[in-house]
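FYI, it's all coordinate maths here, none of it is from the lab. Treat the numbers as computed from the prediction; the structure is a model and nothing was measured. Cβ placement follows ideal geometry from the backbone for every residue including glycine, while neighbour counts extend to all protein chains displayed.
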Amino acid sequence: QVQLVESGGGLVQAGGSLRLSCAASGRTFSRNAMGWFRQAPGKEREFVGVGAINWSGSNTYYADSVKGRFTISRDNAKNTVYLQMNSLKPEDTAVYYCAADSTSAIVPSRWAATGNGMDYWGKGTLVTVSS
């Protein structure tokens, strides 16, 4: 059974940092672009792309809203993707979902949209940023 399991969410004050992890099991994702979406409270079914990383980790993509504050990385040996979030703002409050695409390279349009067509999804981890 293929699973993506997010962890690391929690409550943090504005300006603080959190590091999310997405551990994959059931198959290797070392040849897949992977990344993160988020869903703000009260906006069910509205996923917003946060960022992505290509299969090797040599290329990344970020939404404008998180550029310069968030960093995505991966460890293919551990089948794990990370999202380092710094300088958090209350508007970053959301459930964060890990996703895997069928492509090895990042297709920005797929990560800038709502995530339709992603091959695999995790169940999400809640990040709450207090003001």
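May I ask which of Lys43/Lys89; Lys67/Lys123; Lys43/Lys123 have a Cα-Cα span longer than 21 Å here?
Lys67/Lys123
Got a sec? Charge dipole of the chain, +1 on Cβ for Lys and Arg, -1 for Asp and Glu; which of Gln13, Tyr62, Asn79 is way out at the positive end?
Towards the positive end, the residue furthest out is Asn79.
Across the range 48-113, how large is the tail of the calculated P(r) beyond 20 Å, expressed as a percent of all Cα pairs?
Roughly 24 percent, rounded to a whole number.
Using a 7 Å offset from Cα along Cα-Cβ at Ser130, what residues in the range 1-36 end up with backbone N under 15 Å from the label point?
10-17
Based solely on its DSSP helices, what 222 nm [θ] is calculated for the chain when runs of n ≥ 4 H residues each add -39,500 (n - 2.57) and the sum is averaged over all residues, nearest 500 deg cm²/dmol?
So the helix-based figure for the chain works out to -500 deg cm²/dmol.
For the range 1-66, evaluate the Debye formula with one uniform point scatterer on each Cα (no solvent term) and list log10 I(q)/I(0) at q = 0.11, 0.17, 0.27 Å⁻¹, rounded to two decimals.
Here the Debye-derived log intensity ratios amount to -0.33, -0.80, -1.35.
Once fully extended, how much extra length lies between Thr103 and Leu11, figured as 0.36 nm per residue of separation less the alpha-carbon to alpha-carbon distance?
Gain on stretching Thr103 to Leu11: 29.8 nm.
Sort out for me the Cα centre separation of the range 12-77 from the range 113-131, rounded to whole Å.
Rounded to whole Å, the Cα centres lie 8 Å apart.
Mind computing the radius of gyration and Dmax over the alpha-carbon atoms of the chain? Å is fine for both.
Considering the chain through its Cα atoms, Rg and Dmax are 13.4, 40 Å.
Among residues other than Thr60 whose Cβ falls under 15 Å from its Cβ, what is the net charge (Lys/Arg +1, Asp/Glu -1)?
Working: positive: Lys67, Arg69, Arg74, Arg110; negative: Asp64, Asp75, Asp101.
Charge balance near Thr60 sits at +1.
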